[in-house]
Amino acid sequence: MPDGDAAEDEGGGPWRELLGNQAGADPYRDGPEAADADAEEGTGAQHGGVVGRQRLLGVFDGQGQLFTEPGFNGCAHMTASAEVRPGSPVEGAADRYRLWVRTMFTDLAREAGVADAEGLARQLHLLYDGAGISARMDRDPSAATTARAAAAALFDAAVKDKELVDAGQ
């Protein structure tokens, strides 16, 4: 789970190249509305199949880059929200960030042609969060590689399920 991280980086970090303008939104400050507005500018609805798979898995590649940075200290949103009272502005910011991440995965899955894009997005979000926690707690940046491999298997299974449905099986 990147920690503010790429979004706080003025250039959008590794996410800018992967997602285009959508990555430039700062979910901590702007929330999902900024990402939605950027998505309306045309950042990727035409991506399907192999390109969609690459973009979706590229999120985990970007995460891996963050994990190897000297200042990586886990997810700032998770850390901050663990110490605040329910309903605080910090909790609200963390909720907006998580919604942004889930929306990003849902949009990428949908663009790649996955039938149950929301279901796959929930699974990928769990992998994403788990990789971030593992990378921080175990001090092991390879967690992103493991999460990427699991994400590829989940994506391939989701696409295979869609192909079986489309074929009437």
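The figures follow:
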item	result
Phi-based couplings in Hz for the stretch 105-114 (Karplus 6.51, -1.76, 1.60; Gly and Pro marked x)	5, 4, 4, 5, 5, 4, 4, 7, x, 6
Residue-by-residue Karplus 3J(HN,Hα) for the stretch 125-139, coefficients 6.51, -1.76, 1.60, Hz, glycine and proline x	5, 4, 4, 4, 4, x, 5, x, 5, 5, 4, 6, 5, 8, 6
Anisotropy class of the stretch 47-86 from Cα gyration tensor, a/c 1.5 cut	oblate
15 Å cut-off, amide nitrogen to a point 7 angstrom out along ASP156 Cα→Cβ, residues in the stretch 50-77	50, 53-54, 57
Net charge over other residues, Cβ less than 13 angstrom from the Cβ of ALA150 (K, R count +1; D, E count -1)	-1
Two-site label geometry, ASN73 and VAL50: point separation in nm, points 7 Å out along Cα→Cβ	4.3 nm
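Computed from the coordinates by the stated procedures, all read-outs in this text should not be read as laboratory data. Just so you know, these numbers come straight off a predicted model, no measurement behind them. FYI the Cβ positions are ideal-geometry reconstructions off the backbone, even for glycines, and counts take in every protein chain you see.
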